[in-house]
Each structure stands twice: as C-alpha cells, then as structure tokens.
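Just below is one structure, and these are the notes that go with it.
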Amino acid sequence: QVQLVESGGGLVQAGGSLRLSCVVSGDILSIKVMGWYRQAPGKQRALVATITGGGTTNYADSVKGRFTASRDNAKKTVYLQMNSLKPEDTADYYCTAEILAFGGVRYIDYWGQGTQVTVSS
C-alpha cells in the first residue's frame with residue numbers, strides 16, 4: 001500500500017522559515033511528478049509547487065522567490081523549503097506524487113494527509 005506522510009509544519013512568525021518533508025512508502029515501481037498543494041480555511045486547494053524526477057520545478061506566482069521544492073529520488077522524499085513566510089501562507093499543506101505502484105498498470109496521483117502551517121503576524 002502506497003503512503004505519503006508529510007512532516008515539518010508548525011507555527012512560525014512572519015518572515016520566518018519552515019521546511020516540509022514528504023516521504024513516500026510502499027511497493028513502488030516509479031514516481032514521476034511530486035508536488036505540494038495548500039488549502040487555506042474557506043478556500044480551495046491550490047498548487048504551490050511541483051518538481052519532476054529530473055528536478056524541473058514549477059511554482060505558484062505567490063511563492064516564487066520564497067519557496068523551493070526539491071526531492072531525493074533515492075529516499076522517495078520531496079521537500080518544500082519555505083522562506084520569508086507571510087500570514088497569507090497559513091494553510092494545510094499536502095504533498096502529492098504520481099506513482100506507478102508494483103502490480104499497477106498506470107500512474108496514479110496519491111496524496112498525503114496534510115501538515116498545518118500557521119504564520120503569525
């Protein structure tokens with residue numbers, strides 16, 4: 001069974017930094033794109049960043065220059081370094097990954113349970 005587990009969320013003051021991690025476990029043959037989404041209270045889930053297996057990244061305009069996505073393919077882990085945090089970054093952060101599981105025939109998007117990030121002003 002494939003699982004994604006996030007960690008690293010918490011409470012931080014505006015201007016501070018946090019580093020989120022997401023580890024993928026289970027019987028996996030391959031992982032393509034990994035990414036981060038966030039959902040603020042009362043809002044829809046929105047893209048934060050994605051990263052391909054080759055390291056190509058894509059960011060939401062609101063986080064460009066402040067957030068950096070990276071991944072360790074050997075560890076099946078994706079990271080999100082968040083700097084210069086703002087109160088509007090407060091949200092639940094979810095990682096996602098396109099995974100071909102052992103015995104599967106196509107890539108499927110899997111999601112973690114989320115980790116909460118709160119930025120105080």
Against the condition touching a residue at least 60 places away in the same chain (Cβ under 8 Å) and surrounded by 13 or more Cβ atoms within 10 Å (Cβ to Cβ), how does Lys86 come out, does it pass? yes
Taking region 51-82 on its own, how many of its residues are assigned to a loop (DSSP other than H, G, I, E, B) and open to solvent by less than 60 Å² (accessible area, probe 1.4 Å)? 5
Pull up region 102-121, narrow it to residues that are in contact with a Ser or Thr (Cβ under 9 Å, 6 or more places away or on another chain) and open to solvent by less than 70 Å² (accessible area, probe 1.4 Å), then point me to the one that is farthest from Arg38 (Cα to Cα). Ser120
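One line per residue, one yes/no per condition, for (1) closer than 18 Å to Ala97 by Cβ; (2) polar (S, T, N, Q); (3) within 15 Å of the chain's Cα centre (by Cα):
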| residue | (1), (2), (3) |
| --- | --- |
| Met34 | yes, no, yes |
| Tyr37 | yes, no, yes |
| Gly42 | no, no, no |
| Asn58 | yes, yes, yes |
| Arg66 | no, no, yes |
| Ser70 | yes, yes, yes |
Enumeration of residues in region 1-44 that are open to solvent by less than 50 Å² (accessible area, probe 1.4 Å), outside any strand (DSSP E or B) and on the phi < 0 side of the Ramachandran plot: Val2, Gly9, Gly16, Ala40
Go through (1) assigned to a loop (DSSP other than H, G, I, E, B); (2) of a type outside the set (S, T, N, Q); (3) in contact with a Phe, Trp or Tyr (Cβ under 7 Å, 6 or more places away or on another chain) for Leu47 and report which single condition fails. (1)
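The values are calculated or read from the model by the stated rules, or taken from the named source; none is laboratory data. Since the model is a prediction, treat every value here as computed from it, not as a measurement. We place every Cβ from the backbone using ideal geometry, glycine too, and count neighbours over all the protein chains shown. Surface accessibility is based on the protein's heavy atoms, side chains included, excluding ligands, DNA and RNA. Shrake-Rupley method; radii C 1.70, N 1.55, O 1.52, S 1.80 Å.
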